[in-house]
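The values are calculated or read from the model by the stated rules, or taken from the named source; none is laboratory data. In this text the structure is predicted, and so the values were computed from the model without any measurement. No Cβ is skipped: glycine too gets one built from the backbone with ideal geometry, and neighbour counts run over all protein chains shown. These accessible areas exclude ligands, DNA and RNA; they are computed on the full protein's heavy atoms, side chains included. Shrake-Rupley method; radii C 1.70, N 1.55, O 1.52, S 1.80 Å.
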Amino acid sequence: LKMGAEELPMNYADLIILNPNGEAQMLHRKDTDEFEPNVWGFPGGKIEEGETPIEAVKREAFEETGWDFDNVQELESIENEDGSVSHYFVAVRQDETPCYPIDEHDESEFMGVEQLEKEKVILQQNDRFIHLVNEAKEIIKENPMNEGDKFKIGDVEYIVKDGKPVPFSDEKEVEQAVEEKDEKG
């Protein structure tokens, strides 16, 4: 975006995807990447013109992981040294299997804060990443998924049943079976 002769800084949206162990999904940038090759980062990227940060984070997370996230929570926004703003969101993934790397990434791994202290991350922001993962874990503790909440990962829709995610189609089948049983007496 340009405003007169001055170029406005780009803004970013990243998603901290936590597994049930409180580890964050990290993506490793290929050695051929023009910006920060061979470092780890959260799924995310630039906010496109006309997008809100939440729309951008959902798009970027899908592009980089192949996973859809409808149930994301806002975590925090941080102004960067160049005047841009990084918007961070959090989501939970019950499956502990890392995503298959897509496009500019060559590895994917769930990492705890101890490992994040040792790894090379984008712009050497280890302290920021550790802070964000710890904050994300607190947000999830304070706002756990509630009974009946629906969310989608990939093409599968889930519903929270008895505190655990259940594929929504299974939930419908269970309810149908119970209704049929009740009708038969």
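For the range 75-106, taking the residues that are of a type in the set (D, E, K, R) and without any contact (Cβ under 8 Å) to a residue 40 or more places away in the chain, the one that is least open to solvent (accessible area, probe 1.4 Å) is identified as GLU79. Looking only at residues of the range 67-78 that are closer than 14 Å to ILE139 by Cβ and not in a strand (DSSP E or B), we find that the one that is nearest to the chain's Cα centre (by Cα) is VAL72.
For the range 79-137, taking the residues that are part of a strand (DSSP E or B) and either out of contact with any strand residue (DSSP E or B) (no Cβ under 9 Å at 6 or more places or on another chain) or of a type in the set (D, E, K, R) (or both), the one that is farthest from PHE69 (Cα to Cα) is identified as GLU79. Number of residues in the range 116-138 that are touching a residue at least 60 places away in the same chain (Cβ under 8 Å) and either open to solvent by 40 Å² or more (accessible area, probe 1.4 Å) or under 15 Å from ILE78 (Cβ atoms) (or both): the value is 11. Filtering the range 32-58 to residues that are surrounded by 14 or more Cβ atoms within 10 Å (Cβ to Cβ) and farther than 22 Å from THR97 by Cβ leaves ASP33, GLU36, VAL39, GLY45, ILE47, GLU51, PRO53, ILE54, ALA56.
For VAL72, indicate whether it is touching a Phe, Trp or Tyr at 6+ places or on another chain (Cβ under 6 Å) and either surrounded by 15 or more Cβ atoms within 10 Å (Cβ to Cβ) or under 21 Å from PRO53 (Cβ atoms) (or both). For VAL72, the condition - touching a Phe, Trp or Tyr at 6+ places or on another chain (Cβ under 6 Å) and either surrounded by 15 or more Cβ atoms within 10 Å (Cβ to Cβ) or under 21 Å from PRO53 (Cβ atoms) (or both) - is met.
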